[in-house]
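The values are calculated or read from the model by the stated rules, or taken from the named source; none is laboratory data. This is a predicted model, so every value here is computed, not measured. Note: ideal-geometry Cβ built from the backbone for every residue, glycine included; neighbour counts use all protein chains shown.
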Amino acid sequence: MREADTGTGTGQAPRAVVIGGGIAGLAAAHRLLGTGAHVTVLEASGRLGGKLRAGEIAGVRVDLGAESMLARRPEAVALAREVGLADRLQPPSTATASLWTRGALRPMPKGHVMGVPGTAAALSGVLSDEGLARIERDRDLPATEFGDDVAVGAYVAERLGREVVDRLVEPLLGGVYAGDAYRISMRSAVPQLFEAARAHRSLTEAVRAIQERAAQSRQTGPVFMGIEGGIGTLPLAVADSIRARGGEILLDSPAHELRRTPDGWQVRADDRIIEADAVVLAVPAQKAAWLLDTESPAAAAELRAVEYASMALITLAFRRGEANLPEGSGFLVPPVDGHTIKASTFASHKWGWIAAEDPDLVVVRTSVGRHRDEKDLARDDDGLVAVSRHDLREATGLTAEPVATRVTRWHEGLPQYPVGHHARVARIRGHVAKVPGLAVCGAAYDGVGIPACIASAYAAVDQLGGDLTGLDELTAHPVQSLHGGAGE
């Protein structure tokens, strides 16, 4: 089947193709419809949502991917409201997490920025006496000479000692990126800390300055937000909105070729050729590189350098009467302690809607796998369940037999942000900008969180500018177009 109408010079609506049906691609399509374009979304798999995936265990709805979204950024919550999910938004029932370290579950220290403390207070038990004393020496060290970027772990270890990195920073960053803190870019992964550290003589002073600004801003409301039924329902609701507004979504339709023509673009998806005025690539870096080999080989080369980490989520359901879990939302695990799991979420504690669906069940999640440390992922599903149960027993004393288990594997699921990532992204976007009617978005660029992915989608559409009729009016009012709509 051949779609020949581009809208160029015909008086018809301009056409846009979004390649990728994850939350970034769907957000881009949703925004493109506001420009008056005809939009087609191509998704290679048989489902939408990417790393956002709703599922069930023992009859209870759960997330099998990301389970919460940052609420202090507006994009994700605003989009959820716009697509009709306002009455299903729910904050965590509890946000009290622990660290499983030095043989015990210990309260997660407060007053830190991604694990970096502003003081040694309240860290006893997590750090040794030597580690506590090392933090106090930060104020006596000479100011660090900053370059264009620095690894989070390397910089924090230099200022506060390796214990802070190994027992505080690593478990937090590992939970977000499944990566190695000693390689992760501070500028890209923790930009607020990067800017503050450049402006202050000591790191602890920089952390305290961030905390003081946060207190002065008087931000209220929850830091994170969930959705009744799971975060995985967000992309499905966005897709429903796209279809209701006339957009087209094609599943099991991988894009095989992307080619510039005198009138715009041709996208080949199996035996179908779709002609378009603009294309948004919302796929992982390696897929984007493959599609751009001909039209932007320089961008393709940069995209191929982006590495990914694989991981697995193990979801277990227990009878409530047999599962005496500690209070709180779960715990993080420093890799230095040598355990297999890197985190556990007590989902029935954390999300009231999960507990309400079956009060007789307790749902627990664990995660396994880090960048360049993925040997445990070679285990079969039963093996991953077994190591998860072993670590849960060691950490919490949980000995009950689960009534159901699910293992969800995310192969190359999380892009890594090494030192210099921001510069690579700038080069990619520079090369892409030279090609008319082309934009990229997704987790590989400006953040792996849901709001960051949505923001990158909006920026990609805005970048197309005059390539689509009606876009100039939309981008002239960015605050309204980003945050307006139903529910606001």
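Let's see how each residue does on (1) hydroxyl-bearing (Ser, Thr, Tyr); (2) surrounded by fewer than 20 Cβ atoms within 10 Å (Cβ to Cβ); (3) closer than 25 Å to residue 163 by Cβ; (4) free of Cβ contacts under 8 Å to residues at least 60 places away in the same chain:
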{"position": "283", "(1), (2), (3), (4)": "no, no, no, no"}
{"position": "301", "(1), (2), (3), (4)": "no, yes, no, yes"}
{"position": "309", "(1), (2), (3), (4)": "no, no, yes, no"}
{"position": "318", "(1), (2), (3), (4)": "no, no, no, no"}
{"position": "321", "(1), (2), (3), (4)": "no, yes, no, yes"}
{"position": "333", "(1), (2), (3), (4)": "no, no, yes, no"}
{"position": "355", "(1), (2), (3), (4)": "no, yes, no, no"}
{"position": "358", "(1), (2), (3), (4)": "no, yes, no, no"}
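One residue alone among 238, 169, 223, 164 is modelled with pLDDT under 95 and either in the same structural domain as residue 125 (by TED's automatic domain parsing) or of a type outside the set (Ser, Thr, Tyr) (or both), and that residue is 223.
Among the residues of region 275-307, the one identified as in a strand (DSSP E or B) and in contact with a Ser or Thr (Cβ under 6 Å, 6 or more places away or on another chain) is 275.
Answer with yes or no whether residue 136 is among the acidic types (Asp, Glu), within 30 Å of residue 250 (Cβ to Cβ) and either in a helix (DSSP H, G or I) or not assigned by TED's automatic domain parsing to the domain that holds residue 458 (or both). No.
Given the criterion without any contact (Cβ under 8 Å) to a residue 40 or more places away in the chain and either buried (at least 20 other Cβ atoms within 10 Å of the Cβ) or not hydrophobic (A, V, I, L, M, F, W, C) (or both), identify the matching residue among 183, 213, 187, 167. Reasoning before the result, please.
Working: 183 fails: without any contact (Cβ under 8 Å) to a residue 40 or more places away in the chain; 187 fails: without any contact (Cβ under 8 Å) to a residue 40 or more places away in the chain; 167 fails: without any contact (Cβ under 8 Å) to a residue 40 or more places away in the chain.
Testing whether each residue is without any contact (Cβ under 8 Å) to a residue 40 or more places away in the chain and either buried (at least 20 other Cβ atoms within 10 Å of the Cβ) or not hydrophobic (A, V, I, L, M, F, W, C) (or both) leaves just 213.
Screening residue 88 with (1) closer than 28 Å to residue 238 by Cα; (2) of a type outside the set (S, T, N, Q); (3) buried (at least 20 other Cβ atoms within 10 Å of the Cβ) gives one miss only, at (3).
Checked against (1) touching a Ser or Thr at 6+ places or on another chain (Cβ under 7 Å); (2) under 27 Å from residue 215 (Cα atoms); (3) not basic (Lys, Arg), residue 144 passes all but condition (1).
Confirm whether residue 153 is within 27 Å of the chain's Cα centre (by Cα), modelled with pLDDT of 95 or more, outside the structural domain of residue 341 (by TED's automatic domain parsing) and buried (at least 21 other Cβ atoms within 10 Å of the Cβ). Reasoning before the result, please.
Values: within 27 Å of the chain's Cα centre (by Cα): yes; modelled with pLDDT of 95 or more: yes; outside the structural domain of residue 341 (by TED's automatic domain parsing): yes; buried (at least 21 other Cβ atoms within 10 Å of the Cβ): yes.
The answer is yes for residue 153.
Just one residue in the set 363, 448, 432 is under 19 Å from the mean Cα position of the chain (by Cα) and not hydroxyl-bearing (Ser, Thr, Tyr); that residue is 448.
Among the residues of region 460-485, those that are buried (at least 20 other Cβ atoms within 10 Å of the Cβ) and either at pLDDT 95 or above or of a type in the set (S, T, N, Q) (or both) comprise 460, 461. Quick check on residue 346: is it free of Cβ contacts under 8 Å to residues at least 60 places away in the same chain, touching a Pro at 6+ places or on another chain (Cβ under 9 Å) and of a type in the set (Phe, Trp, Tyr)? When the stated conditions are applied, residue 346 passes them.
Here residue 399 passes the criteria (1) touching a residue at least 24 places away in the same chain (Cβ under 8 Å); (2) more than 29 Å from residue 443 (Cα to Cα) except the one numbered (1).
Residues of region 313-335 being part of a strand (DSSP E or B) and touching a helix residue (DSSP H, G or I) at 6+ places or on another chain (Cβ under 6 Å), which ones?
Initial filter on region 313-335 (part of a strand (DSSP E or B)): 313-319, 330-332.
Listed by number, the residues that qualify are 314, 332.
One residue is enough: does region 402-423 have a residue meeting the conditions without any contact (Cβ under 8 Å) to a residue 40 or more places away in the chain and outside any strand (DSSP E or B)? Write out each step before concluding.
Going through region 402-423, the residues without any contact (Cβ under 8 Å) to a residue 40 or more places away in the chain turn out to be none.
Among the residues of region 402-423, not one is without any contact (Cβ under 8 Å) to a residue 40 or more places away in the chain and outside any strand (DSSP E or B), which makes the answer no.
When residue 167 is tested against (1) closer than 28 Å to residue 446 by Cβ; (2) assigned to a helix (DSSP H, G or I); (3) within 26 Å of the chain's Cα centre (by Cα), only condition (1) is not met. Name the strands (runs of 3 or more DSSP E) wholly within region 56-122 that hold at least 2 residues that are under 28 Å from residue 202 (Cα atoms)? So the answer is 97-101, 104-107. Applying the set (1) in contact with a helix residue (DSSP H, G or I) (Cβ under 8 Å, 6 or more places away or on another chain); (2) in a strand (DSSP E or B) to residue 255 leaves exactly one unmet item: (2).
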